[in-house]
Amino acid sequence: MQPTRQLHLGNYLGALRNWVALQKSYDCIFCVVDLHALTLPQPPEALRRNTREVAAAYIAAGIDADACILFAQSHVTAHTELSWIFSCITPLGWLNRMTQFKEKAGKHRENAGLGLYGYPVLMAADILLYKATHVPVGEDQKQHLELARDIAGAFNRQFEVELFRQPEPMILGEATRVMSLRDGTKKMSKSDTSDYSRINMTDDADTIAQKIKKAKTDPEPLPEAADDLDARPEAANLVAIYAALADQSRQDTVSAFAGQQFSAFKGALVDLAVAKLAPITAEMNRLMADPAEMDRRLRRGADRAREIATPTLAEVKRVIGLLAPDAAGI
């Protein structure tokens, strides 16, 4: 996750909650991608605070920073070194196909920074540096994972090695794409000008209740079949959020509230959201009260990440013909 502004319910339901579950089955590496955040201007103090806050959210949500590896991307310089090497073998045509750059740059493409254009290559380095087998991604990031797979294949072919494997995407959960509370056709976003469009991970119970009660719906009652919500984006969004928080299917959710008005459903959603999110918010606040401890945890995670990343980068450098530091007298 990028440490830009506050994390919200979409980040939690679409990614973080599912990552917590992965710990039971996989050796997991979690990275706060602060270098990716630099693709847009970031106030320095805000970036430092947000980096700690994202890490605190990981831990508060249930990531075990002792069993897993949790670190800040910029603390492991192998990410940027490998990204440069990959950028030298990545055709411009591949990057020109990346839809997220087109969406984010919009009409101002000529003024967009090189980092925004090339950050999918850095994302590939983030993944391949650890020879990852599986990567939990949202639908909007699948294209970038495909690029990582293409880069891995291109490197292996060019240097006639089998150094990098092909990581597989993992798309999990009922609410993998949480939409705005004000417009069910748009993704919930940190950058939306209306704070009522999202539930922030730091919102208190009263704020959560107010935002859900003001969330846009329609005048129709809840149907008996989940498929009947397909033409009702705001209603479908609230049902998907409830289903994800309750760990049940959309159909089970609709069946429980079939025929009821959204005023009653929203009350139940408020109770559920507060019950699930309040403990996480409280733990985040406790962790953020001690920034030195958060920094210590991230440094320890970076040390563990380097144990994996450094040998991979050294192997890459040997394969492509770069002199080892000792051979160069460094």
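Here is a check on your reading of the model: is Glu168 touching a strand residue (DSSP E or B) at 6+ places or on another chain (Cβ under 8 Å), surrounded by fewer than 16 Cβ atoms within 10 Å (Cβ to Cβ) and without any contact (Cβ under 8 Å) to a residue 60 or more places away in the chain?
Numbers: touching a strand residue (DSSP E or B) at 6+ places or on another chain (Cβ under 8 Å): yes; surrounded by fewer than 16 Cβ atoms within 10 Å (Cβ to Cβ): yes; without any contact (Cβ under 8 Å) to a residue 60 or more places away in the chain: yes.
Taking the combined requirement at face value, the residue satisfies it.
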- prompt: Among the helices (runs of 4 or more DSSP H) confined wholly to segment 41-111, which include 2 or more residues that are under 19 Å from Ala152 (Cβ atoms) and of a type outside the set (Val, Ile, Thr)?
  reply: 78-87, 92-96
message: Residue pairs, Cβ under 6 Å, 6 or more apart or interchain, first in segment 300-321 and in contact (Cβ under 8 Å) with a residue 12 or more places away in the chain, second among the small types (Gly, Ala, Ser) and in a helix (DSSP H, G or I). List them.
response: Ala309/Ala78; Leu313/Ala78
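Among the residues of segment 204-215, which ones are under 17 Å from Ala264 (Cα atoms) and either surrounded by 17 or more Cβ atoms within 10 Å (Cβ to Cβ) or free of Cβ contacts under 8 Å to residues at least 24 places away in the same chain (or both)?
Within segment 204-215, the subset under 17 Å from Ala264 (Cα atoms) is 208-215.
Within segment 204-215, Ile208, Ala209, Gln210, Lys211, Ile212, Ala215 meet the criteria.
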query: Has segment 51-72 got any residue that is surrounded by 19 or more Cβ atoms within 10 Å (Cβ to Cβ), in contact with a helix residue (DSSP H, G or I) (Cβ under 8 Å, 6 or more places away or on another chain), within 16 Å of Thr4 (Cβ to Cβ) and of a type in the set (D, E, K, R)?
result: yes
field: segment 237-256: number of residues that are surrounded by fewer than 19 Cβ atoms within 10 Å (Cβ to Cβ) and among the hydrophobic types (A, V, I, L, M, F, W, C)
entry: 2
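Yes or no: segment 22-37 includes at least one residue that is closer than 21 Å to Asp195 by Cβ and touching an Asp or Glu at 6+ places or on another chain (Cβ under 9 Å). Before you say what the answer is, go through the steps one by one.
Going residue by residue through segment 22-37, those that are closer than 21 Å to Asp195 by Cβ are 37.
After this cut, where a residue has to be touching an Asp or Glu at 6+ places or on another chain (Cβ under 9 Å) as well, the list is none.
Taking every residue of segment 22-37 in turn, none turns out to be closer than 21 Å to Asp195 by Cβ and touching an Asp or Glu at 6+ places or on another chain (Cβ under 9 Å).
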field: Pair list, Cβ < 8 Å and 6+ apart or interchain, from segment 3-20 residues that are closer than 16 Å to Lys187 by Cβ and of a type in the set (D, E, K, R) to residues that are surrounded by fewer than 24 Cβ atoms within 10 Å (Cβ to Cβ) and modelled with pLDDT under 90
entry: Arg5/Lys190; Arg5/Ser191
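Within the group Ala235, Ala273, which residue is under 26 Å from the mean Cα position of the chain (by Cα) and farther than 26 Å from Phe30 by Cα?
Details: Ala273 fails: farther than 26 Å from Phe30 by Cα.
Just a single option satisfies the conditions, and that option is Ala235.
Restricting to segment 137-169, and then to whatever is outside any helix (DSSP H, G or I) and farther than 25 Å from Thr77 by Cβ, can you tell me which residue is farthest from the chain's Cα centre (by Cα)?
Taking segment 137-169 as the starting set, the residues that turn out to be outside any helix (DSSP H, G or I) are 137-138, 160-169.
If we keep only those that are farther than 25 Å from Thr77 by Cβ too, we end up with 138, 160, 162, 166, 168-169.
Numbers: Gly138: 8, Glu160: 33, Glu162: 29, Gln166: 20, Glu168: 16, Pro169: 13 Å.
If we take residues in segment 137-169 being outside any helix (DSSP H, G or I) and farther than 25 Å from Thr77 by Cβ, then Glu160 is farthest from the chain's Cα centre (by Cα).
Might you check whether a residue that is surrounded by 19 or more Cβ atoms within 10 Å (Cβ to Cβ) and touching a strand residue (DSSP E or B) at 6+ places or on another chain (Cβ under 8 Å) occurs anywhere in segment 306-326? Write out each step before concluding.
Pass one, segment 306-326, residues surrounded by 19 or more Cβ atoms within 10 Å (Cβ to Cβ): 309, 313, 316.
Those still in the list that are touching a strand residue (DSSP E or B) at 6+ places or on another chain (Cβ under 8 Å) too: none.
No, every residue in segment 306-326 fails to be surrounded by 19 or more Cβ atoms within 10 Å (Cβ to Cβ) and touching a strand residue (DSSP E or B) at 6+ places or on another chain (Cβ under 8 Å).
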- line: Taking segment 21-40 and keeping only residues that are free of Cβ contacts under 8 Å to residues at least 40 places away in the same chain and either in a helix (DSSP H, G or I) or more than 25 Å from Ala309 (Cβ to Cβ) (or both), one is left with Ala37
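Assess whether Ala112 counts as being surrounded by 14 or more Cβ atoms within 10 Å (Cβ to Cβ), small (Gly, Ala, Ser), in the same structural domain as Pro311 (by TED's automatic domain parsing) and within 28 Å of Val316 (Cβ to Cβ). So that I can check it myself, show each step before the final result.
Details: surrounded by 14 or more Cβ atoms within 10 Å (Cβ to Cβ): yes; small (Gly, Ala, Ser): yes; in the same structural domain as Pro311 (by TED's automatic domain parsing): yes; within 28 Å of Val316 (Cβ to Cβ): no.
Criteria not met by Ala112.
The values are calculated or read from the model by the stated rules, or taken from the named source; none is laboratory data. Remember, it's a predicted structure, so these values are computed and weren't measured experimentally. We place every Cβ from the backbone using ideal geometry, glycine too, and count neighbours over all the protein chains shown.
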